[in-house]
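J.: Pasting in a structure now, in structure tokens, and then I'll have a few things to ask.
Bear in mind that the values in this text are calculations on the coordinates, not laboratory data. These numbers come from a predicted model, not from an experiment. As a convention, Cβ positions derive from the backbone with ideal geometry for all residues, glycine included, and neighbour counts pool all protein chains shown.
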Ligand SMILES: Nc1ncnc2c1ncn2[C@@H]1O[C@H](COP(=O)(O)OP(=O)(O)O)[C@@H](O)[C@H]1O
Ligand SMILES: [Mg+2]
């Protein structure tokens, strides 16, 4: 059984069908890059997996847990899958440490002392142990995004969804975030990431999904997808001219 | 000409100003409590809650406070219930304040970025947990200046209760004028007392706004 099973998923906004029957199975420890033009449905797919959007047809399951739109199922699913956003979305009124502690204490009812130990550990892991008491607006974009990663990791998810997590960063800050992701990948974390960092996708990912107009247009290992794109759409997207 | 010294006038006015202050506090605190409940109904997920709260807010914002006072005072009288002026004044002002505070606070809650909801959702928090730990703490600091600012409207609103016979500062002004025939002096003092009550409030609203903006924007 795959870790994440996405079967015939359709999603409409009004009469705009954004996902037109998506099938992807993700094995434990896989790192999936999702690429494609803006508007092709990449974010919507990730948001469906995390239950931020409800699906109209099909099914999604994570580690055997079905995605159903009630609070209990959603919470169970979200404890298994963490999500990192393009805009960081740190809680601005809390320090970095508190950001990482909050959901442990509120959702998992972890005692404060334990949550604090975990928060320190996770901030260390992303190289920000010394920023425990800093507020988000005292951190650079790259640092904020690493705190967001630590915050998600503190919930001990079995998979992470990353939606263009470096797109809002200045170029010189991209690498510090990608380095953290790479580290996670090498530790065996299952990752699905929408990204424009083709080099990163090529080096780190086990499979690449090319989305086009709400469908999985091509899927395969990076060497195939990047070196030998089959469809004209992917060729055009990659800027390959023959 | 009159048997009243200026001090007599001022003393009488100040004594009745206590009722203006008390009514303002009661209205503001009571209105805050009812307004808080309205806020939750208004932004909640159900269908009935938001519909009720929206109608309530529109009704109270869409009619003059004076009419609300009349309805509270005379309306219940029609059913044979004798409503004392202080009760009608208190109830009407509480309900009126609640409508405005609920609407001010709704604006503050809705100004919190959507990403805050999404991030807290994705971490497994439920609606009430998100509200308690993520949304309200941020909305609260935005809400302080306009809320303090609105308290000025409440103080001024209490003046209308003189019309249904509640003896607060304005009513006392009329009564003292009738006894002294010195309307200019009397109402001059009345205005001055109102100013002394309202000015610190609006000033502190301004200062709070600047403070919350300048000092670390977010915490
Ligand atoms: N909340 C929404 N309401 C309506 N349409 C939406 C919403 N979110 C996304 N869409 C539409 O869905 C399509 C795919 O969007 P998205 O998944 O964000 O694409 P991508 O992430 O690949 O750029 C776009 O046409 C977008 O306008
Ligand atoms: Mg997107």
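J.: Consider segment A:2-23. How many of its residues are without any contact (Cβ under 8 Å) to a residue 40 or more places away in the chain and either under 13 Å from residue A:40 (Cα atoms) or within 16 Å of ligand 2 (Cβ to nearest atom) (or both)?
T.: 2
J.: Tell me, yes or no, whether segment A:81-88 has at least one residue that is in contact with a strand residue (DSSP E or B) (Cβ under 7 Å, 6 or more places away or on another chain) and within 13 Å of ligand 1 (Cβ to nearest atom).
T.: The answer is yes, given that some residue of segment A:81-88 is in contact with a strand residue (DSSP E or B) (Cβ under 7 Å, 6 or more places away or on another chain) and within 13 Å of ligand 1 (Cβ to nearest atom).
J.: Inspect all residues belonging to segment B:174-195 and state whether any of them is surrounded by 15 or more Cβ atoms within 10 Å (Cβ to Cβ) and either touching a strand residue (DSSP E or B) at 6+ places or on another chain (Cβ under 8 Å) or within 13 Å of chain A (Cβ to nearest Cβ) (or both).
T.: No: segment B:174-195 contains no residue that is surrounded by 15 or more Cβ atoms within 10 Å (Cβ to Cβ) and either touching a strand residue (DSSP E or B) at 6+ places or on another chain (Cβ under 8 Å) or within 13 Å of chain A (Cβ to nearest Cβ) (or both).
J.: Being in a helix (DSSP H, G or I) and more than 10 Å from chain A (Cβ to nearest Cβ) is the filter here; which residues of segment B:109-122 pass it?
T.: Answer for segment B:109-122, where residues must be in a helix (DSSP H, G or I) and more than 10 Å from chain A (Cβ to nearest Cβ): B:109, B:110.
J.: What's the number of the condition residue A:138 fails, among (1) more than 9 Å from chain B (Cβ to nearest Cβ); (2) more than 16 Å from ligand 2 (Cβ to nearest atom)?
T.: Tallying (1) more than 9 Å from chain B (Cβ to nearest Cβ); (2) more than 16 Å from ligand 2 (Cβ to nearest atom), residue A:138 fails exactly one: (1).
J.: List pairs: first in segment A:204-219 and without any contact (Cβ under 8 Å) to a residue 60 or more places away in the chain, second within 16 Å of ligand 2 (Cβ to nearest atom), Cβ under 7 Å, 6+ apart or cross-chain?
T.: A:218/A:210
J.: If residue B:14 passes every condition in (1) closer than 30 Å to residue B:175 by Cα; (2) not in a helix (DSSP H, G or I) but one, which one does it miss?
T.: All conditions pass for residue B:14, except number (2).
J.: Continuing with this model, one more query. Considering only residues that are buried (at least 18 other Cβ atoms within 10 Å of the Cβ) and either more than 13 Å from the chain's Cα centre (by Cα) or more than 14 Å from chain B (Cβ to nearest Cβ) (or both), which ones fall in segment A:152-172?
T.: Within segment A:152-172, A:154, A:155, A:166, A:169 meet the criteria.
J.: May I ask you to list the residues in segment A:24-45 that are near ligand 1 (Cβ under 8 Å from one of its atoms) and surrounded by 14 or more Cβ atoms within 10 Å (Cβ to Cβ)? Before you say what the answer is, go through the steps one by one.
T.: Applying the first criterion (near ligand 1 (Cβ under 8 Å from one of its atoms)) to segment A:24-45 yields A:36-45.
Within segment A:24-45, A:36, A:37, A:40, A:41, A:42, A:43, A:44, A:45 qualify.
J.: Name the residues in segment A:1-23 that are more than 14 Å from ligand 1 (Cβ to nearest atom) and assigned to a strand (DSSP E or B), would you?
T.: If the condition is that a residue be more than 14 Å from ligand 1 (Cβ to nearest atom) and assigned to a strand (DSSP E or B), then A:4, A:5, A:6, A:7, A:8, A:21, A:23 are the ones that fit.
J.: Taking the options B:72, B:98, name whichever one is closer than 20 Å to residue B:146 by Cα and either assigned to a helix (DSSP H, G or I) or touching a strand residue (DSSP E or B) at 6+ places or on another chain (Cβ under 7 Å) (or both).
T.: After applying the criteria, what remains is B:98.
J.: Here are some conditions: (1) surrounded by 14 or more Cβ atoms within 10 Å (Cβ to Cβ); (2) within 16 Å of ligand 1 (Cβ to nearest atom). Residue A:54 meets all but one. Which one does it not meet?
T.: Condition not satisfied by residue A:54: (1).
J.: On to the next question. Every residue in segment A:24-75 that is more than 16 Å from ligand 2 (Cβ to nearest atom), under 23 Å from residue A:208 (Cα atoms), assigned to a loop (DSSP other than H, G, I, E, B) and within 14 Å of chain B (Cβ to nearest Cβ), please.
T.: Selection gives A:51 alone.
J.: In segment A:180-187, is there at least one residue being within 28 Å of residue A:20 (Cβ to Cβ), surrounded by 19 or more Cβ atoms within 10 Å (Cβ to Cβ) and within 13 Å of the chain's Cα centre (by Cα)?
T.: Of all residues in segment A:180-187, those within 28 Å of residue A:20 (Cβ to Cβ) come to none.
So far as segment A:180-187 goes, no, none of its residues is within 28 Å of residue A:20 (Cβ to Cβ), surrounded by 19 or more Cβ atoms within 10 Å (Cβ to Cβ) and within 13 Å of the chain's Cα centre (by Cα).
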